[in-house]
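Values in this text are rule-based calculations from the coordinates and carry no lab data. Remember, predicted model here, so these are calculated numbers, not experimental data. For neighbour counting, all protein chains shown are included, and Cβ atoms are generated from backbone atoms with ideal geometry for every residue, glycine included.
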Amino acid sequence: MATRAKAGGWLQGKTVRKGGISSTNTRSNTPQIQSTSSTVFGGGVKDASGRTSEYFSMDDQCPVCKSDRYLNPKLRLLVSSCYHKMCESCIDRLFTLGPAPCPICNKVLRKLAFTPQTFEDLGVEKEVAIRRRIAKEFNKRREDFTDLRAYNDYLEEVEDITFNLIYEVDIPQTEARINAYRAQNAALIELNIQREEAYAQALKEQEEGDRREREMRAMELRREEEEEREEREKGRRDIIDKLETSDKDAAKVIAKSRANALKRSTARSTSTTVLQSNAKLLRSRAAQSTAIPDAPHIPLQDDWYAYEDKYIIGNSGYHDFMSEAVRRDREGIMRAGGYRVEEAWERALRSAVGALDLPPLSAPDSAHCMFSINS
Amino acid sequence: MDAVEKANAERQRRWVKDQKVGEGTYAVVYRGREASTGRKVAIKKIKVGQFKDGLDMSAIREVKYLRELHHQNIIELLDVFSSKTNLNLVLEFLDSDLEMIIKDRSLVFLPADIKSWMAMTFRGLEFCHRNFVLHRDLKPNNLLVASDGQLKIADFGLARDFADPGYKMTCQVITRWYRPPELLFGCRYYSSAVDIWSVGTIFAELMLRIPYLPGESDMDQLKTIFRALGTPTEEDWPGHTKLPDYIPVGQFPKTPLRDLFTAASADTLNLLSKCLIYEPRRRISAKEALFHPYFTALPYPTHPSKLPKCTTNASARALEEVDGNVEMNSTGPGVKVNNARLKRKLASPNDDSKTRSIARRLDFTKQTPQS
């Protein structure tokens with residue numbers, strides 16, 4: 001296969017979904033890729049918009065069955081987890097009955113672990129996949145280190161691990177290193193993922209704001225043009241009417257209506273500035289949202305409910321004379337209105353134990369005694 | 001001069017009264033400042049002399065509850081002193097309210113902004129409820145916004161503490177559009193769930209930018225609610241047909257909230273629907289609401305300092321009010337410099353604004369135990 005020779009072609013971005021640039025290409029138009037397999041293969045390297053662009057060339061040939069694009073225009077090559085290519089029909093044939101060894105390197109493979117190919121060079125494919133995996137966990141930032149030296153050491157280590165994985169040096173030790181790192185930095189990793197998400201969110205908001213503003217501006221512009229055209233039309237008609245009916249000097253009439261038109265157009269331009277200032281306001285909000293970060297929601301900002309274990313409301317309620325009316329409420333009128341006698345009981349109990357924390361907790365045992373007033 | 005008078009004079013000296021910013025039935029509101037620090041405050045002067053049966057009910061309620069509730073999301077009562085025959089409440093100065101913000105069409109709300117306001121509202125309300133206080137007049141107009149964006153619950157003129165078992169409460173509370181169905185059915189025994197319904201309608205209003213359930217009369221209010229949320233069945237709300245003022249108002253089918261709130265996320269609609277459950281006992285509580293996934297889901301609630309604010313400056317509005325747009329039948333408490341013409345009135349059943357203060361005094365007698 002002549003992949004090496006064509007690496008330059010890929011670097012110029014010519015091959016993505018555009019058909020082969022092979023000199024032996026005899027077909028004038030690109031055949032549509034149409035999967036011959038019923039399995040939907042996921043994965044692959046996604047671009048920023050979440051799409052996978054699949055590599056595709058006229059010279060494709062399946063290394064297993066030697067079928068090529070000339071024999072089978074629907075040929076689609078997929079990549080295994082050991083980075084060997086084969087066509088969909090070979091995959092169906094070999095792996096439909098369960099995991100089987102790769103016909104090239106004998107590593108045991110599964111059908112669903114095949115992914116579409118994005119890059120012409122499978123080495124690049126592999127490196128991108130590994131770097132993505134590493135970046136997900138090794139996501140520390142400069143702020144997480146006290147000095148530049150420590151940060152550089154960390155980057156060095158990440159590069160080291162990546163290199164080992166790509167060139168398959170000391171795989172078990174490297175995996176162990178990754179696991180150790182993950183265990184040590186679980187909290188920080190989580191935090192950095194959240195930061196990343198928040199940043200993406202802010203970016204999205206800003207984009208949304210910009211888009212809205214652009215739309216509004218375009219709409220305003222259209223409306224204005226329309227208005228201006230109408231006005232010009234009206235002005236012209238006016239002049240003609242006036243020339244027709246008045247007996248004044250023609251030149252004077254024209255000059256007067258021109259002056260009127262000018263006045264109107266300046267009035268219009270001031271109304272535009274109001275809109276623009278509005279748009280500016282929106283933009284400044286978008287800018288702000290990156291300056292002061294939004295904090296996540298904290299349900300309660302005090303420890304009030306930490307004290308709740310000082311009493312327990314009796315399960316069967318209380319047969320006090322105060323709540324007799326509620327307990328006798330056969331019609332359920334108090335129930336239907338939402339009145340809760342439990343709230344009254346809770347209030348009574350809370351007031352009863354309210355002073356227990358005063359004076360301060362010199363004797364912790366007495367402060368934590370439970371009250372249960374059951375009848 | 002005895003000790004009490006001396007203490008009062010000392011307190012009075014701490015505060016300086018500036019210009020008048022509004023007037024209600026029972027109070028005049030002035031802008032003021034603390035003499036030593038220059039901190040802006042609002043001073044509410046309550047006219048005592050004109051009521052032959054003493055202080056107005058809502059003034060007593062306001063002092064009673066605000067003295068006890070100190071929380072970031074509840075308006076702070078800084079001081080109380082008397083001058084001549086008047087009682088003065090010194091409250092923190094807040095320049096806008098949520099209603100003004102909702103009505104300002106030049107502002108754009110992000111979903112995160114609404115989340116932030118709702119979180120602050122629920123936090124303030126949870127604090128009231130944990131202290132066994134019902135607010136009973138929640139509406140955008142009573143949610144004031146400080147200059148740093150913090151939302152504060154104000155106007156405790158209709159607040160009361162949770163009733164003891166068997167004691168009746170009045171059902172003529174809460175501005176009609178925000179009043180829950182159990183109060184419209186004349187229920188005299190209710191709980192904190194009434195406030196949650198109000199918060200639910202405010203939540204919807206924040207998304208729609210217009211009042212969610214604008215009924216024209218108490219009857220029409222029920223119809224409006226049922227049209228929006230479907231007529232409750234005995235299963236939805238056991239026992240509601242036995243309520244004192246129950247009247248059948250027609251059958252309306254349930255429509256999913258999704259039809260009206262097309263852009264809202266699933267979490268948002270879930271919380272909204274839990275605030276607007278017909279059976280009060282199943283309605284979500286303020287504490288449960290704070291733990292609802294809506295608040296923890298992305299996007300995070302907007303930092304208060306970044307929330308949209310009204311751009312019109314307060315002094316211009318203050319002048320306008322003094323010019324003669326002062327609303328004489330204002331619902332009273334709540335120190336805000338709001339546009340009087342836009343204010344929603346608390347409607348009493350006869351819906352006559354003149355009887356407003358009388359209706360409130362009637363409340364007082366209704367609250368005495370019946371047994």
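For each pair in B:Lys115/B:Lys223; A:Lys310/B:Lys139; B:Lys115/B:Lys139; A:Lys310/B:Lys274; B:Lys223/B:Lys309; B:Lys20/B:Lys152, compute the distance between the two Cα atoms and list the pairs where it is over 26 Å. Long pairs (Cα-Cα over 26 Å): B:Lys115/B:Lys223; A:Lys310/B:Lys139; A:Lys310/B:Lys274; B:Lys223/B:Lys309.
Scoring B:284-294, B:87-97, B:242-252, A:106-116 by mean Cβ neighbours within 10 Å over their residues and listing the highest first yields B:87-97, B:284-294, A:106-116, B:242-252.
One way to sum up the overall shape of the stretch B:106-166 is the equivalent ellipsoid from its Cα gyration tensor, whose semi-axes run 26, 12, 9 Å, largest first. Rounded to whole numbers, the Karplus 3J(HN,Hα) couplings from phi for the stretch A:135-146 are 5, 5, 9, 8, 10, 5, 10, 4, 5, 7, 10, 6 Hz, using 6.51 cos²θ - 1.76 cosθ + 1.60 with θ = phi - 60°, and x at Gly and Pro.
I'd like the per residue volume of the convex hull spanned by the Cα atoms of the stretch B:1-45, given in cubic angstrom.
Details: hull volume 3.3 nm³, N = 45.
For the stretch B:1-45, the hull spanned by Cα atoms encloses 73 Å³ per residue.
Listed by chain and number, the aspartates and glutamates whose C-alpha is less than 16 Å from the C-alpha of B:Lys242, apart from same-chain residues fewer than 8 away, are A:Asp329, A:Glu331, B:Glu182, B:Glu234, B:Glu279.
Let me test this: with uniform point scatterers at the alpha carbons of the stretch A:63-104, what is the Debye-based log₁₀ I(q)/I(0) at q = 0.14, 0.22, 0.31, 0.32 1/Å? With no solvent term, the Cα-only Debye profile gives -0.30, -0.71, -1.23, -1.27. Counting, for every residue in B:104-111, the Cβ atoms of other protein chains within 10 Å of its Cβ and taking the mean gives 3.
The P(r) of the stretch A:150-272 has a tail past 20 Å containing 71 percent of all C-alpha pairs.
Normalised by the number of residues in the stretch B:14-112, what is the relative contact order in percent for Cα pairs under 8 Å and 6+ residues apart? Write down the numbers at each step before the final one.
On the way: 139 pairs, mean separation 20.9, N = 99.
Here the relative contact order equals 21 percent.
The H on the amide N of B:Glu23, modeled in the peptide plane, is under 5 Å from the matching H of B:Val29, B:Glu327, each at least 5 residues off or on a different chain.
Each residue of the stretch A:318-323 is assigned a 3J(HN,Hα), and the resulting list reads 10, 9, 8, 5, 4, 9 Hz, derived from the Karplus form 6.51 cos²θ - 1.76 cosθ + 1.60 (θ = phi - 60°), x at Gly and Pro. Remark on B:Phe93: its backbone amide H falls under 5 Å from those of B:Ala42, a criterion applied only to residues 5 or more positions apart or on other chains, H modelled at 1.01 Å from N.
What does the average come to when, for each residue of peptide B:296-308, you count the partner chain Cβ atoms lying within 10 Å of its Cβ? Provide the component values of the computation, followed by the final result.
On the way: counts 4, 2, 7, 8, 8, 4, 6, 7, 2, 3, 7, 1, 3.
Neighbouring Cβ atoms belonging to other protein chains average 5 per residue here.
According to the calculation over all Cα-Cα pairs in the stretch B:223-264, the P(r) per 5 Å bin from zero is 5, 21, 24, 24, 12, 8, 5, 2 %.
Which whole number gives the average, over all residues in B:187-194, of C-beta atoms from other chains lying within 10 Å of the residue C-beta? Don't skip to the end; give the middle numbers.
Details: counts 6, 4, 12, 6, 9, 3, 4, 2.
Taking the mean over all residues of the peptide, I get 6.
The orientation-averaged projection of the convex hull spanning the C-alpha atoms of the stretch A:62-182 amounts to 9.2 square nanometres.
When the Cα atoms of the stretch B:179-274 are enclosed in a convex hull and the volume is divided per residue, what value in Å³ results? Could the numbers behind the result be given before it?
Numbers: hull volume 9.6 nm³, N = 96.
Spelled out: Cα convex hull of the stretch B:179-274, divided by residues, is 100 Å³.
How big is D, in µm² s⁻¹, for the stretch A:177-241 by Stokes-Einstein at 37 °C and 0.692 mPa s if Rh is the Kirkwood radius over C-alpha pairs? Can you show the working numbers first?
Details: Rh = 16.7 Å.
The diffusion coefficient I find is 196 µm²/s.
Pairs of alpha carbons in the stretch A:154-205 separated by more than 17 Å make up 52% of all such pairs. Normalised by 2.2 N^0.38 Å, where N is the number of residues, the alpha-carbon radius of gyration of the stretch B:56-150 equals 1.21.
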